[in-house]
Amino acid sequence: QSRAMDGDGTTPHGDGPLSDETLGLATPDGTLLGAATGRFGSSPAEPEGPDSTPPGWPTTWERYRCLGLLGSGGMGQVFEAWDPALRRRVAIKLLRGDDPELVRRFLREAQAQARVDHPNVCKVFEAGETGSRPFIAMQLVAGEPLSRVWADLSVEQKALLLKHVAEALHAAHKLGLVHRD
């Protein structure tokens with residue numbers, strides 16, 4: 001589908017702003033790329049979890065139930081988890097190591113991200129420690145990694161994705177935050 005866009009993000013024919021849905025930014029199963037999980041209506045059923053806890057997940061932690069490892073990076077690991085109190089899936093970022101300066105940076109990251117209120121920025125639900133491991137509980141964003149889908153997107157879809165990223169960065173910059181990744 002090809003549609004021209006005016007500077008205000010609408011089509012010249014007045015049929016509203018371009019959106020992920022109108023551009024077809026969805027995975028084959030219909031999940032919108034980068035669509036936040038959680039829907040209005042009844043509470044979701046508790047999901048089935050893995051048979052064993054992945055390495056890196058605190059084995060005695062009862063606040064969240066691990067559903068699996070999503071990825072890992074220089075500072076830590078990110079897991080998909082179930083929040084039984086609020087009956088929703090979340091992303092849990094766990095810090096690796098216990099260097100006090102790294103812990104301070106990690107918690108400053110959570111505080112900074114929590115200040116940004118924008119639909120294109122993951123919401124921070126909670127930050128703290130489990131045992132001696134700092135964590136951040138965040139909104140889980142479903143979808144495929146950009147590296148897997150970029151080649152299959154049209155120029156218009158790529159432009160819309162870049163627009164979403166730029167809007168999120170602008171919201172952070174207005175608060176004096178700089179994202180270094």
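The values are calculated or read from the model by the stated rules, or taken from the named source; none is laboratory data. What you see is a predicted model, and the numbers here were worked out from it, not measured in a lab. Using ideal geometry, Cβ is built from the backbone for each residue, glycine included, and neighbour counts are taken over all protein chains shown. For accessibility, only protein heavy atoms count, side chains too; no ligands or nucleic acids. Shrake-Rupley method; radii C 1.70, N 1.55, O 1.52, S 1.80 Å.
The table that follows gives values for the structure above.
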quantity	calculated
Segment 142-181: C-alpha gyration tensor shape, a/c 1.5 cut-off, then a/b vs b/c	prolate
Mean accessible surface per residue for segment 62-128, computed with a 1.4 Å probe while every protein chain stays in place, in Å²	55
Shape call, segment 112-151: gyration tensor on alpha carbons, a/c limit 1.5	oblate
With all protein chains modelled, accessible area of D117 [1.4 Å, Å²]	140
Length-normalised contact order for segment 44-136 - Cα pairs under 8 Å, 6+ apart - percent	20
Amide N of segment 51-80 lying under 15 Å from the label point, which is placed 7 angstrom from the Cα of A112 along Cα→Cβ	75
Candidate lysines - alpha carbon under 24 Å from K163, same-chain residues fewer than 8 apart omitted	K123, K174
³J(HN,Hα), Karplus 6.51/-1.76/1.60, whole Hz, each residue of segment 106-119, x for Gly, Pro	4, 6, 5, 4, 4, 5, 5, 5, 5, 6, 7, 10, 8, x
Within the accessible area of segment 72-181 (1.4 Å probe), percent carbon and sulfur	54
Model label zone, D99; criterion: amide N under 14 Å from point 7 Å along Cα-to-beta-carbon; scope segment 53-78	74-76
